[in-house]
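Enquirer: Below is a structure I'd like to ask you about.
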Amino acid sequence: MPATFAAHIAWADQPLVAVGMTLASGARTAATWWAGKDTTEARRLHATATTAAATGYLTVASFTDPLGAT
């Protein structure tokens, strides 16, 4: 079972969890940018964009119904 389905079942009706996941996604993305400071610019941008896309997807899919009207 993908993480988004389990997260939706557990937390779909809890707005404070949504806030926490949003803040955690932002913090992880910022940490990725910071951790890439000694790499090339392209590598840093790619890693940061990938992290932002993945954590953003997880957050959105956790609070919207990933299967549709179930």
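Enquirer: I'm checking my understanding of the structure. Among residues of the stretch 1-19 that are assigned to a helix (DSSP H, G or I) and of a type outside the set (A, V, I, L, M, F, W, C), which one is nearest to the chain's Cα centre (by Cα)?
Expert: At the first step, the residues of the stretch 1-19 found to be assigned to a helix (DSSP H, G or I) are 3-11, 15-19.
Cutting the leftovers down to of a type outside the set (A, V, I, L, M, F, W, C) gives us 4, 8, 15.
Details: 4: 10, 8: 13, 15: 16 Å.
Checked the stretch 1-19; the qualifying residue nearest to the chain's Cα centre (by Cα) is 4.
Enquirer: Something else: Here are some conditions: (1) under 15 Å from the mean Cα position of the chain (by Cα); (2) outside any helix (DSSP H, G or I). Residue 22 meets all but one. Which one does it not meet?
Expert: (2)
Enquirer: Here's a follow-up. Looking only at the stretch 10-24, which residues are surrounded by 13 or more Cβ atoms within 10 Å (Cβ to Cβ) and among the aliphatic types (A, V, I, L, M)?
Expert: Answer for the stretch 10-24, where residues must be surrounded by 13 or more Cβ atoms within 10 Å (Cβ to Cβ) and among the aliphatic types (A, V, I, L, M): 12, 17, 18, 21, 24.
Enquirer: Shifting gears a bit: Does the stretch 28-63 hold any residues that are polar (S, T, N, Q) and farther than 25 Å from residue 10 by Cβ, and which are they?
Expert: Listed by number, the residues that qualify are 32, 39, 40, 48, 50.
Enquirer: Within the stretch 25-43, count every residue that is surrounded by 11 or more Cβ atoms within 10 Å (Cβ to Cβ) and either in contact with an Asp or Glu (Cβ under 9 Å, 6 or more places away or on another chain) or outside any helix (DSSP H, G or I) (or both).
Expert: Qualifying residue count, the stretch 25-43: 1.
Every read-out reported here was derived from the displayed coordinates using simple, explicitly stated rules and does not represent laboratory data. Note that the structure is predicted; figures quoted are calculated from it, not measured. Note that we place each Cβ from the backbone using ideal geometry, even for glycine, and neighbour counts take in every protein chain shown.
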